[in-house]
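S.K.: One structure, as structure tokens, below. Some questions next.
The values are calculated or read from the model by the stated rules, or taken from the named source; none is laboratory data. Keep in mind it's a predicted model, so treat the numbers as computed, not measured. For neighbour counting, all protein chains shown are included, and Cβ atoms are generated from backbone atoms with ideal geometry for every residue, glycine included. Note: accessible area is taken over every heavy atom of the protein model, side chains too, but ligands, DNA and RNA are not part of it. Shrake-Rupley method; radii C 1.70, N 1.55, O 1.52, S 1.80 Å.
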Amino acid sequence: WVQTRETSPLVIRVTDQTYLGQLFDDLHIRSERIPHFGRNVTQLQQALAQGREVVILGLEKNPELQQALESLCCNPPSVMVNGSLLNYPKARLCLLWPQSKRCTSLPWREAIQSAKPLPEVDMWRSAARRHGIDSDQIPKTALNEIYEIYGKIPKGITQTIGGLPVLTNGGLDNLIVA
């Protein structure tokens, strides 16, 4: 989905180890003799301030960060960082949240519930575009037939090797490159 956007958004990948200070106000020591700190504006701050689209992935893995970023759901979008309220009236935020994961933050949960789901992506067309080829050049029928034929083999025969992996975008990319 991200690759289909007209302009490339800033993609923020959150883990359970990500903390607010990594995303906002990168603080550092400027001088050790006379204690003096500096701060750098992060890419996320620049994107939010300029109205560039920001896509956040993985926020479901980090309930503490969900809570710290809740005010981005409010109007105007803002974040409390190091005791200062940073307003981002031009913010364009897209949160990608797996349907199978429950959101613990009420503002995020309401935002997720009110959002429209992403359209289904045709992985064949998407793979063709990524590799600069016509989608007719991908042997879609042959690959589908391989899976159908494999599915008809008795389980006793395939039990030792297991099933074929689910064909994903990555798997399709590997087949095209091969």
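S.K.: Working from Cα positions, state the angle (0 to 90°, nearest 10) between the long axis of helix 140-152 and the longest principal axis of the chain.
M.R.: Around 70 degrees separate the two axes.
S.K.: Return the calculated 222 nm mean residue ellipticity for the chain, to the nearest 500 deg cm²/dmol, obtained by summing -39500 (n - 2.57) across DSSP H runs with n ≥ 4 and dividing by the residue count. Before the final figure, lay out each step's value.
M.R.: Numbers: 8 runs with 62 residues, N = 178.
Rounded to the nearest 500, the figure is -9000 deg cm²/dmol.
S.K.: Where the centroid of each part is defined by its Cα atoms, how far is segment 121-147 from segment 49-105 in Å?
M.R.: Spelled out, the Cα-based centre of one part sits 35 Å from the other.
S.K.: Looking at Ile153, Val54, Pro35, which one has the Cα that reaches farthest to the positive end of the dipole of the chain (charges on Cβ: Lys, Arg +1; Asp, Glu -1)?
M.R.: The residue sitting most towards the positive pole is Pro35.
S.K.: So who's got an amide H within less than 5 Å of the one on Asp25, skipping anything under 5 residues away but keeping other chains? H placed 1.01 Å off N, in plane.
M.R.: Thr42
S.K.: Further question on the same structure: I'd like the accessible area for Cys74, computed on protein heavy atoms only with a 1.4 Å probe and all protein chains in place. Round to 10 Å², please.
M.R.: Here the residue's solvent-accessible area equals roughly 70 Å².
S.K.: Long-range amide H contacts for Val11: which residues qualify at under 5 Å (H placed 1.01 Å from N, peptide plane, sequence gap of 5 or more or a different chain)?
M.R.: It is Val55, by chain and number.
S.K.: Here's something else I'd like to know. Which whole-number percentage describes the relative contact order of the chain, with Cα contacts under 8 Å and a sequence gap of 6 or more?
M.R.: Details: 193 pairs, mean separation 29.9, N = 178.
Taking the mean separation of contacting Cα pairs over the length of the chain, I get 17 percent.
S.K.: With a 1.4 Å probe and all protein chains in place, put Lys152, Lys101, Lys140 in order of accessible area, largest first. Please report the intermediate quantities before stating the final value.
M.R.: Working: Lys152 160, Lys101 110, Lys140 80 Å².
Per-residue accessible area, sorted high to low, gives Lys152, Lys101, Lys140.
S.K.: Here's another thing I want to ask about it. Cut-off under 22 Å on the C-alpha distance; same-chain residues fewer than 8 positions from Lys140 excluded. Which lysines are left, in chain and number order?
M.R.: Within the straight-line cut-off, Lys140 pairs with Lys152.
S.K.: Now, a different point. Accessible surface of Tyr147 in the full protein assembly, 1.4 angstrom probe, to the nearest 10 Å²?
M.R.: Here the accessible area works out near 80 Å².
S.K.: Something else about it: Arrange the peptides 54-62, 76-84 so that the one whose residues have, on average, the most other Cβ atoms within 10 Å appears first. Provide the component values of the computation, followed by the final result.
M.R.: Values: 54-62: 18.7, 76-84: 13.7.
The densest-packed peptide leads the list: 54-62, 76-84.
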